[in-house]
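The structure appears below as structure tokens.
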């Protein structure tokens with residue numbers, strides 16, 4: 001029987017000492033990378049150990065003790081918190097548990113892989129890392145990871161977010177990172193794009209390309225913020241913690257949900273659960289990933305090979321995509337402004353194990369404000385995309401039905417997004 005507890009915490013010794021690798025449990029292996037030339041680029045710019053993890057066949061990969069100590073120093077373990085007031089607002093028809101990744105030092109789930117990528121880049125002897133960032137969550141996390149691992153960082157931030165989310169940029173600079181708007185004058189391809197369109201808003205695909213090119217030209221290591229297997233695997237420490245926390249109170253989720261930019265936030269929570277079910281031969285839970293309607297890859301994307309970056313430097317991956325050249329609007333949820341879904345998530349969706357929903361910005365932003373007033377916690381705009389789905393689930397519960405348990409990847413807080421909320425709501 002479930003215990004009636006509002007906040008579930010873990011001791012330091014209960015923090016996982018391994019990452020979960022979904023590859024051995026997939027119904028099929030993800031389709032291979034395309035383009036051997038691009039594969040050579042990956043081998044040149046990715047940290048050696050990170051590249052090895054991409055093809056690992058071990059379900060459990062040990063976390064180096066030194067790196068586990070860093071996890072403990074930046075806010076792990078994070079709490080599992082019941083959203084009781086939201087439950088009451090929805091008529092008491094569901095039980096909602098949020099895995100609160102905003103409790104980390106970087107304010108989001110991104111730190112879980114950022115500290116690992118920068119750790120392995122430093123192990124390769126690199127003097128600096130490069131990466132892209134949309135809303136700034138990933139950039140902030142990489143800047144933090146680089147500072148803790150004593151390595152430099154060049155972060156290419158999508159131009160519309162660089163201008164619209166200055167506090168994210170300031171956080172990166174506080175950690176010592178150099179932040180550049182993307183498209184960037186520092187790269188050949190970025191400069192060419194700016195000559196054609198000086199006010200280009202940028203996209204994650206373009207920022208990825210800027211970061212990869214800069215790393216290649218200047219001898220750094222590129223760190224991947226989403227999509228690839230290794231990045232998702234590093235972040236599964238959150239899902240493993242959540243599984244243990246639910247076991248402690250005797251709860252078992254009926255739904256596992258979360259927002260999707262490239263997919264690492266959601267997959268990090270879902271994979272330890274769905275992997276266990278795939279191993280048993282029966283998947284009974286409902287796994288639903290949520291995206292932005294303005295970038296409808298989750299519901300209307302095509303499952304095909306596409307480039308992960310706009311300059312076509314990296315190998316093509318088979319994934320749900322709206323196309324690498326899709327003109328993405330400058331929505332406030334910058335972390336969801338990516339054109340495709342991670343290959344592992346895409347494969348599971350193509351097999352029917354994972355569902356998708358997309359919601360429009362106006363509805364999501366109003367839910368974010370409502371949630372802030374109900375629960376007292378201001379969510380990131382990306383995270384807020386789960387709330388319309390929770391409402392749909394609650395509305396589908398009939399009187400007398402058992403209350404389903406919803407596990408949410410609460411990917412980050414919105415305290416550095418207040419400027420965007422102010423602009424949307426017209427605060428003065």
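The values are calculated or read from the model by the stated rules, or taken from the named source; none is laboratory data. Computed from a predicted structure; not experimentally measured. No Cβ is skipped: glycine too gets one built from the backbone with ideal geometry, and neighbour counts run over all protein chains shown.
What the table below lists for this structure:
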item	result
Out of 174, 216, sole residue that is surrounded by fewer than 20 Cβ atoms within 10 Å (Cβ to Cβ) and either free of Cβ contacts under 8 Å to residues at least 40 places away in the same chain or in the same structural domain as residue 322 (by TED's automatic domain parsing) (or both)	174
Filter result (over 17 Å from residue 315 (Cβ atoms) and not assigned by TED's automatic domain parsing to the domain that holds residue 125) within the stretch 24-48	24, 25, 26, 27, 28
Which numbered condition residue 205 fails, given (1) within 15 Å of residue 133 (Cα to Cα); (2) in contact with a helix residue (DSSP H, G or I) (Cβ under 9 Å, 6 or more places away or on another chain); (3) buried (at least 24 other Cβ atoms within 10 Å of the Cβ)	(2)
Residue match in the stretch 398-406 (condition: within 24 Å of residue 271 (Cβ to Cβ), surrounded by 20 or more Cβ atoms within 10 Å (Cβ to Cβ) and at pLDDT 95 or above)	yes
Neighbours by Cβ (under 6 Å, 6+ apart or cross-chain): first from the stretch 31-48, at pLDDT below 80; second assigned to a helix (DSSP H, G or I)	33/39
Residues (modelled with pLDDT of 95 or more, touching a strand residue (DSSP E or B) at 6+ places or on another chain (Cβ under 7 Å) and either surrounded by fewer than 22 Cβ atoms within 10 Å (Cβ to Cβ) or not in a helix (DSSP H, G or I) (or both)) located in the stretch 95-126	95, 96, 97, 98, 99, 100, 124, 126
